[in-house]
Amino acid sequence: MHPNSAAIAAVFSSNPVPINPGEGVSSTEDPEWDAFVAAAVDRVNRVEQLNAESEQRGRSWSLPVDPGRQASTPAWTGRAAWQVQVRKVLNSRTGSEVCRRFNVSTEFVFAVAVTMASFAERSTGRRVCASRDTIAHRSGVSVSVVKRARRALRTLSVAREMVRGRYLSADEAHAAESHHGRIQRRAASVWALMSPKSVVIAVGRATKKVAKKVRRSNVRPRSTYPQLVARGPLSPSRGFKLLSLVRELSPKRARTRAGEQPKNAGIPGRHPRPIELQRTAADLLFHSPVFASTAHIGSVCEVLASTGVDESRWSGRDIAAELTRDTQQRGWVWPQHIENPVGYLRWRMKQIDWTRPSPSEMAQKAAQEARQRIADRDARLSRRDQLAASPGHRQRCRQAFAAMHDPRKGGAQI
């Protein structure tokens, strides 16, 4: 094996301690061999130093970033907060103009931003080393849309390209092979997601306005009519005599005593909601507490009934999972605060086709298909075993064959 090969570098890289050619390798009388060994040891030391300084992670080798450029790049305020900031910037007039300039929709830009955020470091938002093909596959868009979306994010100052992707040098290729044990020729661009001060302040002001509006809406107005606050001395609840008189002189009770039918006798009364519908609504609120509100759970039952959800096929857990799947498919995120949870639930439910199979039905179908495959396999093996000859039959066949070819009995002639 050549001393300057990548395999030698990978073997030496398992030892993190730098190797001194004068101490760790015995010198021979061949100067050319000593030069090759010294070069290999020097390359191993450079590979180890490169991997240590760049702090490699994951299953691929990423390009190192200049420390000065790293220090001048602000960190983000968190994954969820950064997504809210990106959504706020994209919904502004500046974001619409930037997306129009790069010929890309705001929905696609936000989908690419959410995918890039999933690859970033949790604390700093840096080291987004995923390739364009990976981001396009995760976001459900093309590579061209990923390019234009990243240009839009860079123009809006919420993302920065730290290092442009390129082919690796010889030392970098050896370092990549030492890191993950495979041959790597190219490395993707390294991006950093950041939260500029201006965007953080703007989003913070908008959040404070919404919170202030919510606090004001929760305060009940003070009545200007004092008689509505406290009951008077002639209120029926103040005395048993007045309450009994009201019951005796009530026209409705008088007609009932006389045997007359009430005026609204032909109007059917409110029937209780089906128990399955109530269980589905309660299960939905358990798995999606964002829709819980001070309103009665019957309002959620009315939403489920108005949208045509079959509670015999869709459980509350299935509805919550379908809402989450639709949110991810559209590239949205759940809002941090919902003023009208029931209205928001009704709006989201009307945008989904509830005639398709539910997750429970698909799971049952998959389990039934798996059981059918197992039954078919067992039947096939059983038929194969039935076709096999029994030990007694094989013994009789051997005896007949031996008797037929026995020369002492006049069998086969040689």
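The values are calculated or read from the model by the stated rules, or taken from the named source; none is laboratory data. Values in this document were obtained by computation on a predicted structure and should not be read as measured data. Cβ placement follows ideal geometry from the backbone for every residue including glycine, while neighbour counts extend to all protein chains displayed.
Of everything in the range 115-133, what is farther than 16 Å from A192 by Cβ and either aromatic (F, W, Y) or in contact (Cβ under 8 Å) with a residue 24 or more places away in the chain (or both)? Give them in sequence order.
S131, R132
Just checking, which of N20, N15, N4 is of a type outside the set (A, V, I, L, M), on the phi < 0 side of the Ramachandran plot and modelled with pLDDT of 50 or more?
N20
(1) in the same structural domain as P196 (by TED's automatic domain parsing); (2) free of Cβ contacts under 8 Å to residues at least 60 places away in the same chain; (3) in contact with a helix residue (DSSP H, G or I) (Cβ under 8 Å, 6 or more places away or on another chain): which one isn't true of R87, the others all being true?
(2)
Do we find that V112 is under 12 Å from A192 (Cβ atoms) and assigned by TED's automatic domain parsing to the domain that holds V190 in this structure?
no
Name every residue in the range 322-354 that is free of Cβ contacts under 8 Å to residues at least 12 places away in the same chain and small (G, A, S), in order of residue number.
Of everything in the range 322-354, just one residue is free of Cβ contacts under 8 Å to residues at least 12 places away in the same chain and small (G, A, S), namely G343.
Is it the case that A136 is without any contact (Cβ under 8 Å) to a residue 24 or more places away in the chain, closer than 28 Å to S105 by Cα and surrounded by 15 or more Cβ atoms within 10 Å (Cβ to Cβ)?
Taking the combined requirement at face value, the residue satisfies it.
Between a first residue in the range 170-182 that is in the same structural domain as C129 (by TED's automatic domain parsing) and at pLDDT below 75 and a second residue that is part of a loop (DSSP other than H, G, I, E, B) and surrounded by fewer than 14 Cβ atoms within 10 Å (Cβ to Cβ), which pairs have beta carbons less than 7 Å apart while being 6 or more apart in sequence or on different chains?
H180/R59
Would you tally the residues in the range 278-315 being among the aliphatic types (A, V, I, L, M) and within 20 Å of S360 (Cα to Cα)?
So the answer is 7.
So which helices (runs of 4 or more DSSP H) are wholly in the range 58-145 and hold at least 2 residues that are at pLDDT 90 or above and more than 19 Å from the chain's Cα centre (by Cα)?
79-91, 93-101
Do the conditions hold for R216, that is, is it assigned to a helix (DSSP H, G or I), basic (K, R) and modelled with pLDDT of 60 or more?
Judged against the criteria, R216 is not a match.
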